[in-house]
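Step one of this worksheet: look at the structure below.
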Amino acid sequence: MDDSLKKRLDEVEAAFADTEAEFSDPDLFNDQGRYTEVAKRHSELKAIVDLYREFLAAQAEAAEAYDIAGGEQDADMVAYLKETAASKRVEADKILNDLQLLLAPKDPNDDKDVIVEVRAAAGGEEAALWASDLMRMYAKYAENRGWKVESLSTSESDTGGFKDASFAVKGKGAYSRLKFEAGPHRVQRVPKTESQGRVHTSVATVAVLPEIEEVELDLDMNDVQVEVYRSSGPGGQSVNTTDSAVRLIHEPSGLVVTCQDEKSQLQNKEKALRILRARLFQRMIDEQQAEIAANRKEQVGTGERSEKIRTYNYKDNRVTDHRIGLTIRNLAGVLEGDLDEVIDALTLDDQTRRLAQGA
């Protein structure tokens, strides 16, 4: 371990001691905001400190075994002690690597809830059906992790798929896990409507936006044009007889959001505002940190068949994430929400790059 890393870890240990001292202050529990902040900080630092102490213990055990071996006469015991020392050094090196990843700068939005938008792209009705399959996959993943899913807006196709859909996911670490899903998702399969049994390639795009509180973004409603209209279903079918659907147009940015799922105009407006705030916040992030957080247009791409972050191939029972070259032969499991293997690998890749770039 180099001196700069040891100094940083010693500073973390000192900061952790400070948070423990704060818990002894009786006034802390009377200030809910401060208590929440201190508890969160304590939890984050504890994970690093516990690992640091494991590293120091493994390092000490390796040194002790090596020292004892130096004074031992029995050849078998010397071999055993040297093997123990080597094993502890390997353990210490692994812990050190984990520590460095924990110390890598974190995305400030990782703890936020998210708004996910899925849109059918290339492939017509099959792309709309694929978009609905992705929606279900994310709903199952959220269910597996104990997160809450709330539908915000949907636009159905004639065959029961989704032209586009937006939904909120609320739960610990939702953005930190789902942010890697942003981009074009390509499927290769025989559509239900294909009589010749030919494999078609279709694409649906996914955007993942951190959801923010009103206080985090100053949205001037004078900049928002509000239009109301009668909501309709697939094929122009009327859904209700009142003007409950809402379209918001943010004039400075040109962003347009529509919501028609609720029967209440007020509820549709509230949901549309949540989506609008999330999109504006994402745009603000993009402008401030273009090299780190890709803008929304880059997230979803153009939706052409040749573009993709991931391919789902039914014939080969294969899911391939092209960003890291990972292939999993468990298509059914992934579509049932078993995404952790993919997301864990993407998280590790992201942490490694952040550590290398110091970003």
Selection status of residue 120, touching a helix residue (DSSP H, G or I) at 6+ places or on another chain (Cβ under 9 Å), assigned by TED's automatic domain parsing to the domain that holds residue 282 and not polar (S, T, N, Q): yes
Answer with yes or no whether residue 165 is surrounded by 17 or more Cβ atoms within 10 Å (Cβ to Cβ) and within 15 Å of the chain's Cα centre (by Cα). no
If you go through the range 137-154 one residue at a time, do you hit one that is farther than 29 Å from residue 247 by Cβ, assigned by TED's automatic domain parsing to the domain that holds residue 50 and aromatic (Phe, Trp, Tyr)? no
Which numbered condition in (1) modelled with pLDDT of 90 or more; (2) in contact with a His (Cβ under 9 Å, 6 or more places away or on another chain) is the only one that residue 129 fails? (2)
Please state which one of 309, 324 is crowded, with 17+ Cβ neighbours inside 10 Å and either touching a helix residue (DSSP H, G or I) at 6+ places or on another chain (Cβ under 8 Å) or at pLDDT below 95 (or both). 309
Close pairs from the range 105-127: first assigned to a helix (DSSP H, G or I), partner surrounded by fewer than 17 Cβ atoms within 10 Å (Cβ to Cβ), Cβ under 8 Å, at least 6 apart: 125/158; 125/159; 125/193; 126/193
Segments classed as strands (runs of 3 or more DSSP E), wholly inside the range 142-227, with at least 3 members that are among the small types (Gly, Ala, Ser) and at pLDDT 90 or above: 200-210
Only residues in the range 134-145 that are without any contact (Cβ under 8 Å) to a residue 60 or more places away in the chain and under 19 Å from residue 183 (Cα atoms) count as the first member; pair them with residues that are in a helix (DSSP H, G or I) and of a type in the set (S, T, N, Q), Cβ under 8 angstrom, at least 6 apart or cross-chain, and list the lot. none
Outside the structural domain of residue 352 (by TED's automatic domain parsing), of a type in the set (Phe, Trp, Tyr) and closer than 30 Å to residue 209 by Cα - does that describe any residue in the range 69-88? no
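For (1) in contact with a Phe, Trp or Tyr (Cβ under 9 Å, 6 or more places away or on another chain); (2) in a loop (DSSP other than H, G, I, E, B); (3) over 30 Å from residue 190 (Cβ atoms); (4) at pLDDT 85 or above, each residue gets a yes or a no:
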| position | (1), (2), (3), (4) |
| --- | --- |
| 61 | no, no, yes, yes |
| 73 | no, yes, yes, yes |
| 82 | yes, no, yes, yes |
| 85 | yes, no, yes, yes |
| 96 | yes, no, yes, yes |
| 135 | yes, no, no, yes |
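The values are calculated or read from the model by the stated rules, or taken from the named source; none is laboratory data. Note that the coordinates shown come from a computational prediction; the quantities given were computed from them, not determined experimentally. As a convention, Cβ positions derive from the backbone with ideal geometry for all residues, glycine included, and neighbour counts pool all protein chains shown.
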